[in-house]
Amino acid sequence: MNKFLKIAGDAACTVGCCIGVGFLSGKEAQAFVGNVPNALLFAAVVGLCNFALREFCRRANCFNVEDVCKNLHPICSIWLNCAIVLCCFVCTVTALAGVETCLSNLLDVRARLPLFAFGAAVISGVLTAANLKTLKAVNAIAIGLSAALLVIAATNKQPSSTAPVQPLQPIVYALFTVTMNLGITARLAADCSAKENAAASAVTAAALCLTLVAILPLCDFSAELPLLSRLDVGEKRFAALVLLCAAATGLTANAMPVAEFVRSVVPDKTLSVSLVFTLALALSSFGFDFALRFGYAAVAAVGAYVVLRSVVALFRYKKRPLGALIF
């Protein structure tokens with residue numbers, strides 16, 4: 001029972017960090033999934049990549065992004081670490097932009113200052129400075145609220161439609177998802193066995209797939225917010241609360257590696273977290289659609305490289321301790 005609860009808790013933590021504003025609003029389904037076969041492809045790539053990364057972190061004793069980089073590239077680990085940290089920062093900016101765009105459209109509020117993004121940044125800053133146990137607890141709440149929102153959306157008749165999405169897009173989305181959760185993945189995987197890592201990866205992939213399959217028929221892909229366009233005023237207010245909670249957990253996963261990197265220069269934990277979110281909040285003004293178009297692909301490219309190196313390491317050092325890969 002304890003092992004089952006550990007696997008379920010790890011999977012829930014990962015899933016909760018994946019289900020952000022773009023996921024729940026239907027924007028990412030519109031841009032990267034579009035139909036059920038693509039949702040299955042997305043889940044398969046997430047499951048396989050997540051397992052490869054979890055196993056690499058377990059066997060190489062990696063507890064954070066810096067450890068991953070040192071084991072993959074001992075000589076030039078700083079450059080890989082900078083690339084991953086930059087990707088996580090892009091994800092943080094994207095999430096903040098998504099919060100502001102989606103909640104402003106949902107509640108029909110136009111403010112000069114990014115008030116919704118600021119609120120999400122404050123909540124996420126507190127979670128980033130807290131421990132993993134706190135994040136897991138908030139993730140459990142976010143998942144429960146997200147499930148309730150899907151039930152509400154299902155009661156509103158939506159036109160069943162599909163979006164014209166090429167099969168490459170769900171792969172990009174999957175690699176983006178895996179990369180933005182790398183800091184959380186390393187923390188969770190290092191203390192798990194190989195079977196636990198496999199089970200957690202499978203449960204994560206299945207949960208994300210089932211959620212996407214549930215979301216797709218509820219979406220109106222001609223609308224600005226495909227999943228939420230037909231909610232009434234009261235339902236939209238509840239949806240705004242759910243989106244804010246979901247965004248906070250995803251933002252925390254994104255910001256953790258960035259804050260750790262900044263902490264090597266600015267030792268104060270609170271100050272380093274504040275600097276990260278202040279800069280991300282300023283850059284989020286470029287907008288969510290801009291990030292969807294350009295940011296996801298860049299992050300996916302770095303994620304693909306990290307996953308490939310991890311897979312090579314697992315095969316090359318299958319019967320002996322993992323060492324540095326230099327080639």
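Please treat every number below as a calculation from the coordinates, not as lab data. All figures in this text were calculated on a predicted structure; none of them were measured in a lab. Methodologically, a virtual Cβ is constructed for each residue, glycine included, from the backbone with ideal geometry; neighbour enumeration extends over all protein chains shown.
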Dipole of the stretch 16-316 (Lys/Arg Cβ +1, Asp/Glu Cβ -1, origin at the Cα centre): which of LEU115, GLY26, LEU80 lies farthest to the positive side? LEU80
Taking the Cα centre of each part, how many Å lie between the stretch 3-63 and the stretch 202-281? 14 Å
Rounded to the nearest 20 debye, dipole of the stretch 16-316 from Cβ charges on Lys, Arg, Asp, Glu: 380 debye
Taking the beta-carbon count within 10 Å as an exposure proxy, list PHE118, PHE238, PHE277, PHE261 from fewest neighbours to most. PHE238, PHE118, PHE261, PHE277
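Counting trypsin sites (Lys or Arg not before Pro) as exposed when in a DSSP loop with at most 14 other beta carbons within 10 Å, what is the longest stretch of the chain free of them?
Values: sites that count: ARG110, ARG112, LYS157, LYS318, LYS319.
So the longest stretch without any such site is 158-317.
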Cα-projected label distance for ASP108 with GLN166, points at 7 Å along beta-carbon direction, nm: 3.8 nm
Just to be sure I understand, if you calculate percent of Cα pairs over 30 Å apart for this structure, which of (i) 29; (ii) 77; (iii) 38 do you get? (i)
If one takes the longest principal axis of the Cα atoms in the chain, at what angle in degrees, from 0 to 90 and to the nearest 10, does the Cα axis of helix 269-283 lie? 50 degrees
Can you work out the PRE-style zone for VAL265? Point 7 Å along Cα to Cβ, and I want the residues of the stretch 48-76 with backbone N under 20 Å. 65-67, 69-70, 76
Between ALA147 and ALA44, what is the spin-label point distance in nm, taking each point 7 Å from the Cα along the Cα→C-beta axis? 2.8 nm
Nonlocal Lys pairs with alpha-carbon distance under 28 Å, the chain (8 or more apart, or different chains): 28
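Based on the Cβ-Cβ distance of LEU132 and ALA282, what FRET efficiency does E = 1/(1 + (r/R0)^6) give at R0 = 30 Å, to the nearest 0.05?
On the way: r = 28 Å, r/R0 = 0.93.
E between LEU132 and ALA282, to the nearest 0.05, is 0.60.
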Counting other beta carbons within 10 Å of each residue's own, what order do SER77, SER310 fall into, fewest first? SER77, SER310
Using 0.36 nm times the number of residues separating LYS195 and ASN61, minus their current alpha carbon distance, what extension gain do you get? 46.6 nm
Just from its helices, what would the mean residue ellipticity at 222 nm be for the chain, if runs of 4 or more DSSP H residues each count -39500 (n - 2.57) and the sum is divided by every residue, rounded to the nearest 500 deg cm²/dmol? -24000 deg cm²/dmol
Scalar couplings 3J(HN,Hα) for the stretch 181-189 by Karplus 6.51 cos²θ - 1.76 cosθ + 1.60 (θ = phi - 60°), nearest whole Hz, x for Gly and Pro, are 9, 4, x, 5, 4, 4, 5, 6, 6
Top mean-square fluctuation among ASN64, ASN38, ASN131, Gaussian network model of the chain, C-alpha springs under 10 Å? ASN131
Here, PHE4 and ALA301, labelled 7 Å along Cα→Cβ, have an inter-label distance in nm of 4.6 nm
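Could you list ASP232, ASP10, ASP67 in order of exposure, starting from the residue whose Cβ has the fewest other Cβ atoms within 10 Å? Before the final figure, lay out the partial values.
Working: ASP232 9, ASP10 26, ASP67 17.
Lowest to highest Cβ neighbour count: ASP232, ASP67, ASP10.
Just need the relative contact order of the chain here, percent rounded to a whole number, with Cα pairs under 8 Å and 6+ apart.
Details: 494 pairs, mean separation 132.2, N = 327.
Relative contact order comes out at 40 percent.
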